[in-house]
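Trainee: My questions will all concern the structure given below.
The values are calculated or read from the model by the stated rules, or taken from the named source; none is laboratory data. Just so it is clear, the structure is predicted and the values come from calculations on it, not from any experiment. Reconstructed Cβ throughout: ideal geometry from the backbone, glycine too, with neighbour counts over all protein chains shown.
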Amino acid sequence: MKPRKLELGTKNIIGHKVTQLRLERKMKQKDLAAKLQTYGADINLSSLSKLEGQTRPVSDIEIKALAQIFSISADELLDI
């Protein structure tokens, strides 16, 4: 994995967790983006990269889809 070039942003609180979960499952960003689309979250690779880098907000639809994909609750995703 390439090291992150930029510091994490402040637009969301789940980006780092999404990256961690994706890497634990040995998924590529393009694979996660494709899965998100099948769960109704219209997201492209650039948007997913920004989500993981915390430089864009996350919609409720995306949170729900991510929780389903990773088989965790939305609360766990949000560290609640």
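Trainee: Kindly establish whether residue 67 is in contact (Cβ under 8 Å) with a residue 12 or more places away in the chain and either within 12 Å of the chain's Cα centre (by Cα) or in a loop (DSSP other than H, G, I, E, B) (or both).
Mentor: no
Trainee: Does the range 9-29 contain at least one residue that is at positive phi and modelled with pLDDT of 95 or more?
Mentor: yes
Trainee: To continue, here is another question. Which of the following residues is farther than 21 Å from residue 10 by Cα and aliphatic (A, V, I, L, M): 45, 21, 36, 66?
Mentor: Unique residue meeting the criteria: 36.
Trainee: Moving to a separate point now. Here are some residues: 79, 42, 75. Which one is at positive phi, loosely packed, with under 13 Cβ neighbours inside 10 Å and either without any contact (Cβ under 8 Å) to a residue 60 or more places away in the chain or part of a loop (DSSP other than H, G, I, E, B) (or both)?
Mentor: The match here is 79.
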